[in-house]
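The values are calculated or read from the model by the stated rules, or taken from the named source; none is laboratory data. No experiment lies behind these values; they were computed from the predicted model shown. Reconstructed Cβ throughout: ideal geometry from the backbone, glycine too, with neighbour counts over all protein chains shown.
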Amino acid sequence: MSKTATATPKTATEAVNPFHMAQAQFDHIADMMGLSADARQILRWPMREFKFQIPVRMDDGSLKVFFGYRVQHNDARGPAKGGIRFHPNETLDTVRALAMWMTWKTAVVDIPLGGGKGGVAVNPASLSRREREALVRGWIDQIWRNIGPRIDVPAPDVGTTPQMMGWMMDEYSKRVGQYTPGVITGKPLPVGGSPGRKEATGFGVIYQVREAMKLLGMDPEKSTASVQGFGNVGQHAALGFTKFLGGKVVSVAYYDIRDRTPYTISHPQGLDIEYLMSITDIFGSIDKDQARAAGYAVEDGDAWLSKDVDVLIPAALEAQIRADNVDRISDRVRILAEGANGPTTPEADQVLARREILVIPDFLCNAGGVMVSYFEGVQSDMNYYWTRDEVLERLDKKITHAFHQVFALAQGEGLYPRDAAYIVAVQRVVETMEVRGWI
Ligand code: NAD
C-alpha cells in the first residue's frame, strides 16, 4: 500500500517540536500536490495567534500568573474549532501544531469548520477545584472577544474536562449577556452537551479499526490491542475494542500523576476495561495498587509499544513513536490507530510504511471527537437534542465514509495513508480558499 511516506529527516535523538513536524508534513504534501505558492504561504502558518496572562488568586492567598494560548490556524471552511489543553509542557508551538492538524481534521471528515487550538501551561492536577474554576474562567476573560459560535469554538483536550467547558460556557454567556451554549463543545449534558460526545473520539477510532480489519481480512474477535493513554480517548477506544469488536486489550499505559512516572498495566488474557475505568481519576491516572491487587502486572511506561498484539493505539501525546523506538514494534502488529494527535514522527512513518503496517492517521483516526462536537454545536444552535444512539449512528456513518474515501485514494494510488488523508484535506481547504477569493 505504501509508496511514499511523509518525510523530513531529523536525527533520532533531536527533540521533536510538534509545529516543525506539522510544517514538515505540510511541506511534503504541498510538494506532492504541486500546491501554489499562494496556498502554501497561507496554510504554513496560523492566521491568528493569542498569548495572554491569566492571573489566579490561589487558595493560600498568593497571586499566580499562568500563560494561556489560542491559535486559529484557518477558518476558510467555517469557524475555527479545536480543544484546549492544560499541560505543564504547553507552548505556543504545541498549540500551533495542534491548530494546524485541526484544519486538516475538520476538512478530511468534511464538516464545515476550520482549525484552532488553545492551551494553558499548567498541571491541572496540582490545582484545587476552586483554583481550576478560576483558571478556566480567567481563560475566557482574556479571549472571549475573539471566540464565539461563528468565530471559534473551543472544546476539551488533554487535562481539561466537561465540567471545565461548563464553567467556560457560563463565563462567556455572562460576558455577552445571553445564554450561548454553542460557544463551546464537550459540555456536560445539563448545559447543552451532546449525548455521545464523551465517547466520540475513542469510539470513532474503533469504528475505523473495524473497517481497517475488513480491508486486511482480520477476525476482530481474535484480535488483541495495546493502548497508550487512559484518558478520554484511550478509555473509550479500549472499551470500544472489547465491546464492539470483541477483541482483548492486553495493556494500557498512563502517566501517574502521583509519582510523575508513566506505567503500563497489562494482562496477557486481557484487561477488564470497565474495572480499570472505575479506578482511574479524571486526568486518566490509574490507581496502580488496585490494579496490582486485581492481578494485573505493572510495567514500565514504554512496555505498551513492544507488546505482541495486532493493533496499537497511541492515545496520549505527540511524538511517542520515533526513529529511536519504532523498531520495538512487534512483527505481529498490523494496524496502528492514532488516537492521539501527532503520535508518530516523520522518521518513524518511513519505517511503518516500509513494514506495511496500516496506519490510520491521527487527524482522520481521532476525528470522532470533533465530529460530535460539530453535532453538539448544531444541537446547541437549534436548542434541540438528539438521542445518544442517533449521535453515535451519525458518527459511525460519517467517519466510516471518510475512512473509505482516504483508503480508496491510498490503495488506488499506492499512497501512504497519512499522505492520502492530507491530500483529501488540503484539497478541500484550498478549494474553499479559491472559491472565497483568498488565493
Ligand atoms: P486526557 O487528558 O483525558 O488523557 C491523557 C492520557 O494520556 C492520560 O491517561 C495520561 O495519563 C496519559 N499520558 C500522558 N503522558 C503519558 C506518557 N508519557 N505515557 C503514557 N501515558 C501518558 O487526554 P485525551 O483527551 O484522552 O487526549 C489524548 C490524545 O488524544 C491527545 O493527543 C489529544 O490531543 C488527542 N485527542 C483528544 C480528543 C478528545 O476528544 N479528547 C479528540 C481528538 C484528539
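Points to keep in mind about this one:
- Count - residues of the stretch 241-262 that are surrounded by 24 or more Cβ atoms within 10 Å (Cβ to Cβ) and not in a loop (DSSP other than H, G, I, E, B): 6
- Only residues that are aromatic (Phe, Trp, Tyr) and surrounded by 15 or more Cβ atoms within 10 Å (Cβ to Cβ) were counted across the stretch 380-399, and they come to 2.
- Scanning the stretch 121-168 for residues that are of a type in the set (Gly, Ala, Ser) and either surrounded by fewer than 19 Cβ atoms within 10 Å (Cβ to Cβ) or modelled with pLDDT of 95 or more (or both) yields 121, 125, 126, 128, 134, 138, 148, 155, 166.
So that you can scan it fast, the table gives a plain yes or no per residue for (1) in the same structural domain as residue 285 (by TED's automatic domain parsing); (2) touching a His at 6+ places or on another chain (Cβ under 8 Å); (3) of a type in the set (D, E, K, R):
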site: 132; (1), (2), (3): no, no, yes
site: 135; (1), (2), (3): no, no, no
site: 144; (1), (2), (3): no, no, no
site: 158; (1), (2), (3): no, yes, no
site: 162; (1), (2), (3): no, no, no
site: 165; (1), (2), (3): no, no, no
site: 192; (1), (2), (3): no, no, no
site: 202; (1), (2), (3): yes, yes, no
site: 239; (1), (2), (3): yes, no, no
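- In this structure, residue 406 qualifies as surrounded by 23 or more Cβ atoms within 10 Å (Cβ to Cβ) and under 30 Å from residue 351 (Cα atoms).
- Some residue of the stretch 367-382 being of a type outside the set (Phe, Trp, Tyr), in contact with a Phe, Trp or Tyr (Cβ under 7 Å, 6 or more places away or on another chain), away from the ligand (no atom under 13 Å from the Cβ) and over 13 Å from residue 228 (Cβ atoms): yes
- Qualifying residue in the stretch 173-184 (condition: within 16 Å of the ligand (Cβ to nearest atom) and either closer than 29 Å to residue 407 by Cα or free of Cβ contacts under 8 Å to residues at least 24 places away in the same chain (or both)): no
- Just one of the numbered conditions (1) assigned to a helix (DSSP H, G or I); (2) under 21 Å from residue 74 (Cβ atoms) is not true of residue 175: (2).
- Where residue 113 falls short, out of the listed (1) touching an Asp or Glu at 6+ places or on another chain (Cβ under 9 Å); (2) part of a loop (DSSP other than H, G, I, E, B); (3) surrounded by fewer than 23 Cβ atoms within 10 Å (Cβ to Cβ): (3)
- Residue 323 passes every criterion in (1) more than 30 Å from residue 129 (Cα to Cα); (2) surrounded by fewer than 21 Cβ atoms within 10 Å (Cβ to Cβ); (3) within 14 Å of the ligand (Cβ to nearest atom) apart from (3).
- Any chance residue 35 is within 22 Å of the chain's Cα centre (by Cα), of a type in the set (A, V, I, L, M, F, W, C) and modelled with pLDDT of 95 or more: no
- Within the stretch 264-311, tally of residues that are part of a loop (DSSP other than H, G, I, E, B) and either outside the structural domain of residue 231 (by TED's automatic domain parsing) or surrounded by fewer than 20 Cβ atoms within 10 Å (Cβ to Cβ) (or both): 16
- Filter result (in contact with a strand residue (DSSP E or B) (Cβ under 6 Å, 6 or more places away or on another chain) and surrounded by fewer than 24 Cβ atoms within 10 Å (Cβ to Cβ)) within the stretch 349-379: 352, 357, 358
- Scanning the stretch 37-50 for residues that are in contact with a helix residue (DSSP H, G or I) (Cβ under 9 Å, 6 or more places away or on another chain) and within 15 Å of residue 152 (Cβ to Cβ) returns 46, 48, 49, 50.
- Residue within the stretch 355-370 that is within 17 Å of residue 152 (Cα to Cα), at pLDDT 95 or above and under 21 Å from the mean Cα position of the chain (by Cα) present: yes
- Residues in the stretch 358-382 that are more than 11 Å from residue 204 (Cβ to Cβ), touching a residue at least 24 places away in the same chain (Cβ under 8 Å) and not acidic (Asp, Glu): 358, 359, 361, 363, 373, 374, 375, 377, 379, 380.
- Restricting the stretch 274-298 to residues that are in contact with a Phe, Trp or Tyr (Cβ under 8 Å, 6 or more places away or on another chain) and without any contact (Cβ under 8 Å) to a residue 40 or more places away in the chain leaves a set whose member that is nearest to residue 159 (Cα to Cα) is 288.
- Failed item, numbered, when residue 233 is tested on (1) part of a helix (DSSP H, G or I); (2) away from the ligand (no atom under 13 Å from the Cβ); (3) closer than 27 Å to residue 405 by Cβ: (2)
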